[in-house]
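Have a look at the structure below, then the notes.
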Amino acid sequence: MHHSISDLTRNADSLCATWSGGAQTDLPYLWLRDNCGCGECRVEQTTEKRFHLFRVPEDLRPLKVGIECAGSKDEAIFIEWPDGHHTRYRSSEVHGFLSQPRFDLHYWDGRFRPRRFDYQRFLASDRAAAELIEEFLRTGVCVLVDAPTEPDSSEQLAARLGPIREVLFERIHNVKVDPKGYNIAHTGLAVAPHNDFTSYTWPPNVQALHMLVNECEGGESIVVDGFGLLSELRRDHPDKFDVLCAVPVPFRIFSEEYECYAVKPMVELDSDDEVRLVRFNTAQMQTIPLSEPRLADFYAAYHELSRRVNSPDSQVNFRLEGGQILLCDGHRVLHGRTALRSDGRRHLQDAYFEHDNVRNHLRWLRLGGRI
Ligand SMILES: [Fe+2]
Ligand SMILES: [Zn+2]
């Protein structure tokens with residue numbers, strides 16, 4: 001299907017295009033000049049931009065505008081600028097610029113079951129990889145099964161998830177009972193739902209929890225959809241939600257060798273006012289100073305969120321067996337485990353990746369026609 005423009009009207013600072021169906025789109029002159037795709041305005045080898053906006057006046061207006069090849073699939077807007085530069089946009093190209101599609105998130109509660117994917121197929125098949133990444137972007141969680149049980153084999157995931165995001169302590173974290181451990185997960189205690197490294201200003205946002213061996217009683221995995229809970233909290237108590245976005249909270253994890261500390265609100269929003277990050281880590285949250293003027297309101301809101309996170313209605317429980325990898329969106333999904341009830345062997349390894357690289361692997365698969 002090709003898109004056709006039936007009329008162009010010049011406004012003071014934009015061109016108004018009327019589509020053949022009657023809809024209208026404003027095309028600001030500076031936008032039209034800035035996005036020119038000609039060989040003079042672009043580095044041909046890379047398509048990167050060579051044109052700099054400061055080279056034209058702020059009140060730039062075209063000398064001439066027109067429609068070429070009207071009604072055909074090659075239909076284009078033609079513009080001549082006062083300095084003699086020419087710009088052309090195919091109508092279908094302008095139509096493609098109308099909006100940026102947003103990925104639909106699917107929120108879930110305690111009844112949800114994370115989808116399972118075959119590890120080898122994920123690595124070997126572009127189609128299987130795309131299917132997993134789409135599910136991961138939508139729900140923030142999935143499980144890989146029939147994965148290796150050799151230590152450090154989660155390095156192989158880099159072929160699909162991008163390079164490992166290194167953090168302090170270890171490149172790949174070992175989680176087993178260790179009397180010298182620096183983290184509650186190194187004890188046999190229950191670990192309530194949390195996300196890792198809330199004590200970074202930019203916590204790792206993809207986490208692969210790779211179970212190598214699990215011969216222990218107890219230690220069932222728990223996941224909670226932090227974004228789902230926050231959207232309900234925002235609907236039920238907008239004032240409580242707002243205070244969680246506003247009050248800076250200190251978080252810390254440390255050992256004899258390392259110190260990791262940051263002060264940030266529990267909830268961060270993106271430029272569309274949507275939640276982009278939750279920080280929830282009871283074990284590593286530090287004391288908020290008494291000088292904080294919203295302290296009492298913060299505590300009422302934190303109590304409400306803590307109640308919801310720890311409610312069985314929110315929690316999905318399952319057992320992660322040796323050779324299974326739980327993949328979580330680290331800015332969205334909280335993970336935890338029930339207490340260990342025996343001293344059977346249990347060895348989990350955590351590796352972190354960047355969400356941008358995972359999302360863009362899907363884009364690369366699509367743009368390259370691989371799927
Ligand atoms: Fe953790
Ligand atoms: Zn140009």
Scan of region 23-44 for residues that are modelled with pLDDT of 95 or more and more than 11 Å from ligand 2 (Cβ to nearest atom), ordered by number | ALA23, GLN24, THR25, ASP26, LEU27, PRO28, TYR29, LEU30, TRP31, VAL43
Any hit, region 293-301, residues being part of a loop (DSSP other than H, G, I, E, B) and either surrounded by fewer than 18 Cβ atoms within 10 Å (Cβ to Cβ) or in the same structural domain as GLY226 (by TED's automatic domain parsing) (or both) | yes
Taking the condition part of a helix (DSSP H, G or I), closer than 30 Å to PRO151 by Cβ, out of contact with any Pro (no Cβ under 8 Å at 6 or more places or on another chain) and touching a residue at least 12 places away in the same chain (Cβ under 8 Å), does ALA283 pass?
-> yes
Applying the selection to region 133-175, what residues are part of a loop (DSSP other than H, G, I, E, B) and acidic (Asp, Glu)?
-> ASP146, GLU150, ASP152, GLU166, GLU170
Under 7 Å by Cβ, and 6 or more places apart or on different chains, what pairs join a residue from region 126-139 that is farther than 14 Å from ARG366 by Cα with one that is in a helix (DSSP H, G or I) and among the aliphatic types (A, V, I, L, M)?
-> PHE136/VAL358
Any residue in region 188-201 that is crowded, with 17+ Cβ neighbours inside 10 Å, away from ligand 1 (no atom under 14 Å from the Cβ) and at pLDDT 95 or above?
-> no
Might you let me know whether region 145-158 holds any residue that is more than 30 Å from ALA296 (Cβ to Cβ), of a type in the set (Asp, Glu) and without any contact (Cβ under 8 Å) to a residue 24 or more places away in the chain?
-> no
Pick out the one residue from LEU305, LEU326 that is in contact (Cβ under 8 Å) with a residue 60 or more places away in the chain and part of a helix (DSSP H, G or I).
-> LEU305
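The values are calculated or read from the model by the stated rules, or taken from the named source; none is laboratory data. In this text the structure is predicted, and so the values were computed from the model without any measurement. No Cβ is skipped: glycine too gets one built from the backbone with ideal geometry, and neighbour counts run over all protein chains shown.
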